[in-house]
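**Q** Quick one: the structure is below, questions incoming.
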Amino acid sequence: MDNMNLEIEEWKQMLLKMSNPDFFEVMKNYFGEVKTPFNKHNLISDLINFLSKEETKEKIIKLIDTYDAKILSAIAILDDPDIETLHYFAANSSTYSAFSLRLINLEERLLIYKANSNNKSYIRLNPVLKQAITDEIVSSEFIFPSIQAIESDSTFPWLTDSLVLAFLSIIIKKPNLLKSDGSFRKKVEQDFLSLIPDLERDFCDSSAIDIIKQALINLNLVKIDGCELIVKIDELKKFSKISTEDLFLNVIAATLLPYCESKFREDTANITRKLTALFVIISSILKTFPNDRAYSRTICSKFINYSAREFTDLKFDTEMILEGLMQHSLLKKIDDRHYKKNSLIDLNQRPDYSQYKQIVAEANFEITLKPWAEFSRAIIIPLIADLKKFDTYPHYIITKESFFRTLNHGYSVRKIIKYLEDMNKTPIPQNISVTFENWESEFRQIRLMHGVVLKISPEKQYLVENTKKLDKWILEKLADGLYLFSLEDREEWSTALCELGISPLPKIEYFYNNINTKFNMSLISIYETKIPINLSHTENEDLILNKINKNIENDEANTKFKDIIDNLRVTKAQKDDMLARVEKKLVLFPEQITKNRTPGTVREATGLDYRGKLQQVKEALKNGNEILEITSIISTEGSISYLVHPIELRKDKTNYILEGFAYPFRDAFSMEVGKISKVRRLRTSLFAPK
């Protein structure tokens, strides 16, 4: 059974669970008096057939106004929200009571219903009408309104892959950088600014140098050890294997984390979850905001909360996130109120530069890293070379010390040369290759080697010696029958040995205790963001907005219905009931009026009708499945309305006092019946007591 049929079955069950009076009130509105004997299942089938007719759907769509459209769009876009979420995104500036009454009206009109799952309640579109509502009404503009943004000059973000690599290069070269309190020494800060002038900026009231340091710590790529800042090379290698897009987003998220920290509940959220939440928020904004639209600060904040709807256990400082995104040049302010995405950043369409030179290797041992070089490929540069200067491009220089450092991390001269040639797209200058070989000879005079030693019998030795298949994994031939393999590539060379007939392979024998062969996994969590919303402003968006405006202006149907009612020979109570149904947009066709002349139950009392108001409260308490709309005059200038779940009617001397709780926060509610100016009973499952 597909999702649509499942939702229709769910909606049917909702109708079947209604009380008999409520169920027959629905049927009576569309088909007139229900005759006995009756079958609820057959009546529901008749209702589905009626709502499925194109003519019926057209009438329903024409009665939808802007506020209806905003709520319906929010339900469709927010993936079955609960009432509180819906109120946040769709309530406009109206009170909770006014919003709730509109929600109840949409339920009465069979446009929405409440579904329950996993002890939670969700608001969903009627599946019979869902496609028509989605096609004709739903628009992101109703909940995330935007304005046209004229393209202006943009600048690339200052925090790039290249800058992070340059920063790491400085740390790798000389890790003894810190004071005893963990802050950079003054001379170190000056060295950073001398090598990378673009770091001379403040970011959210902190220096860019401190921000990047803390971000790298948050990402588990560096650690503080006394006065040293140590790059965790193994973690860095793993981190570099994620996509360029995800890497960029994670670095940005890590820089924002310290400024959102105070808003997170520290007892429920660890650093991984916080980083993941920020990753999702930033990714959603950059992937979703169109280049040609701008949004108010309020709407940006709402979009942040929409993006982070799966992280409701965390609290976000949306102002700091927006400020951080602007300081990263990811968002830009176009006027006093509106912000747009930097159009130079397009995560949905990233060019493929893999065929281009990633570096330029010069005969003087200098390396220039191109701005499009991917982090995953350029990660070795800070090991091989020291940063010389970062102006337009980062310039590095290979020294004997940096070369030795690379060898110390398990790279052979062959691998280094191959890597540089792959990045350079041409052979490196010959003098560099010769110098590398001389340096390696000097380095290898004393060696401490780490890996797996393969010891093989003479009769099987030829299997290793007479094939080139294993060459790329053999770090060293130690002696006849003894070969040193890389531990990191164990899976690959184990497979190759088995294919050569050297199997089964025994377990590795260790000659020291407490060996830890597992790397610590990085704290970073890569999250697959789902972007179910399209904010692109198209002609269809304008058509929907124009259609809604015409619906508001065109009130011919209601005028026609009122004329029919005026000409009917019925009692005033019957007319009032019919007019009330028309005003609530429950009437789609004239036949609904002529077939349904029996007035409904009186559900409202106002003004000086004390007995009537008291009776309405008693009826609500008796039925147990109704809530009350309570209006009280608070001054000569106005009144206030409450949505109340009644619990008790208490008599105090000569007065009756209504006790209950008020939505949305279930605050205790108490009011003398005599001070109520209007009371109305509302049938609804949306606010049904749990």
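**Q** Is it the case that some residue within the stretch 55-65 is under 30 Å from THR298 (Cα atoms), modelled with pLDDT of 90 or more and open to solvent by less than 10 Å² (accessible area, probe 1.4 Å)?
**A** yes
**Q** Of all residues in the stretch 328-345, which are touching a helix residue (DSSP H, G or I) at 6+ places or on another chain (Cβ under 9 Å) and either among the acidic types (Asp, Glu) or modelled with pLDDT of 85 or more (or both)?
**A** HIS328, LEU330, LEU331, LYS332, LYS333, ARG337, HIS338, TYR339, LYS341, ASN342, listed by residue number.
**Q** Surrounded by 14 or more Cβ atoms within 10 Å (Cβ to Cβ), of a type in the set (Asp, Glu) and more than 43 Å from the chain's Cα centre (by Cα) - does that describe any residue in the stretch 468-482?
**A** Yes; the residues of the stretch 468-482 include at least one that is surrounded by 14 or more Cβ atoms within 10 Å (Cβ to Cβ), of a type in the set (Asp, Glu) and more than 43 Å from the chain's Cα centre (by Cα).
**Q** Next up: Can you name every residue in the stretch 71-98 that is without any contact (Cβ under 8 Å) to a residue 24 or more places away in the chain and in contact with a helix residue (DSSP H, G or I) (Cβ under 6 Å, 6 or more places away or on another chain)?
**A** ALA91
**Q** Out of the stretch 196-225, which residues are open to solvent by 70 Å² or more (accessible area, probe 1.4 Å) and more than 34 Å from the chain's Cα centre (by Cα)?
**A** The one that is open to solvent by 70 Å² or more (accessible area, probe 1.4 Å) and more than 34 Å from the chain's Cα centre (by Cα): ASP225.
**Q** Then there's this: Mind checking which strands (runs of 3 or more DSSP E) fall wholly inside the stretch 632-684 and carry at least 1 residues that are more than 21 Å from VAL602 (Cα to Cα) and of a type in the set (Val, Ile, Thr)?
**A** Numbers: elements: 638-652, 655-662, 667-672, 678-683.
Those strands (runs of 3 or more DSSP E) span 638-652, 655-662.
**Q** Same structure, new question: Identify all residues within the stretch 483-509 that are touching a strand residue (DSSP E or B) at 6+ places or on another chain (Cβ under 8 Å), assigned to a loop (DSSP other than H, G, I, E, B) and surrounded by 15 or more Cβ atoms within 10 Å (Cβ to Cβ); write none if there are none.
**A** Within the stretch 483-509, SER486 is the sole residue that qualifies.
A quick yes/no check of all residues on (1) closer than 30 Å to SER93 by Cβ; (2) at pLDDT 85 or above; (3) more than 33 Å from the chain's Cα centre (by Cα):
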residue: LEU15; (1), (2), (3): no, yes, yes
residue: PRO21; (1), (2), (3): no, no, yes
residue: GLU33; (1), (2), (3): no, no, yes
residue: THR36; (1), (2), (3): no, no, yes
residue: LEU51; (1), (2), (3): no, yes, yes
residue: LYS70; (1), (2), (3): yes, yes, no
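**Q** Considering only the stretch 454-468, I want to know if a residue exists there that is closer than 30 Å to THR495 by Cβ, part of a helix (DSSP H, G or I) and either of a type in the set (Val, Ile, Thr) or in contact with a Pro (Cβ under 7 Å, 6 or more places away or on another chain) (or both).
**A** Start the filter on the stretch 454-468 by keeping residues that are closer than 30 Å to THR495 by Cβ, which leaves 454-468.
Among the residues that remain, those that are also part of a helix (DSSP H, G or I) are: 458-465.
Imposing the further condition that a residue be either of a type in the set (Val, Ile, Thr) or in contact with a Pro (Cβ under 7 Å, 6 or more places away or on another chain) (or both) reduces the set to 464.
Scanning the stretch 454-468 turns up at least one residue that is closer than 30 Å to THR495 by Cβ, part of a helix (DSSP H, G or I) and either of a type in the set (Val, Ile, Thr) or in contact with a Pro (Cβ under 7 Å, 6 or more places away or on another chain) (or both).
**Q** Within the stretch 421-449, which residues are part of a loop (DSSP other than H, G, I, E, B) and either within 20 Å of SER402 (Cβ to Cβ) or among the hydrophobic types (A, V, I, L, M, F, W, C) (or both)?
**A** If the condition is that a residue be part of a loop (DSSP other than H, G, I, E, B) and either within 20 Å of SER402 (Cβ to Cβ) or among the hydrophobic types (A, V, I, L, M, F, W, C) (or both), then ILE428, PRO429, ARG444, GLN445, ILE446, ARG447, LEU448, MET449 are the ones that fit.
**Q** Turning to a different aspect of this structure: Run down THR276, THR255 and say which single residue is β-branched (Val, Ile, Thr) and over 22 Å from TRP158 (Cβ atoms).
**A** Result: THR276 is the single residue among THR276, THR255 that is β-branched (Val, Ile, Thr) and over 22 Å from TRP158 (Cβ atoms).
**Q** Could you please let me know if ALA74 is open to solvent by less than 40 Å² (accessible area, probe 1.4 Å), modelled with pLDDT under 90 and within 25 Å of SER641 (Cβ to Cβ)?
**A** When the stated conditions are applied, ALA74 does not pass them.
**Q** Of everything in the stretch 653-685 that's more than 35 Å from the chain's Cα centre (by Cα), of a type in the set (D, E, K, R) and at negative phi, which residue is least open to solvent (accessible area, probe 1.4 Å)?
**A** Only one residue fits best here, namely ARG681.
**Q** Let me confirm something: among ALA605, ALA580, which residue is under 20 Å from ASN105 (Cα atoms) and modelled with pLDDT of 85 or more?
**A** Going through ALA605, ALA580 in turn, just one is under 20 Å from ASN105 (Cα atoms) and modelled with pLDDT of 85 or more: ALA605.
**Q** How many of the residues in the stretch 288-302 are under 18 Å from LEU347 (Cα atoms) and part of a helix (DSSP H, G or I)?
**A** 1
**Q** Would you check if there is a residue in the stretch 179-195 being among the aliphatic types (A, V, I, L, M), surrounded by 14 or more Cβ atoms within 10 Å (Cβ to Cβ) and within 21 Å of GLY324 (Cβ to Cβ)?
**A** no
The values are calculated or read from the model by the stated rules, or taken from the named source; none is laboratory data. A quick note: this is a predicted structure, and the numbers were derived from the prediction, not measured. Methodologically, a virtual Cβ is constructed for each residue, glycine included, from the backbone with ideal geometry; neighbour enumeration extends over all protein chains shown. Ligands, DNA and RNA are excluded from the accessible area calculation, which covers all protein heavy atoms including side chains. Shrake-Rupley method; radii C 1.70, N 1.55, O 1.52, S 1.80 Å.
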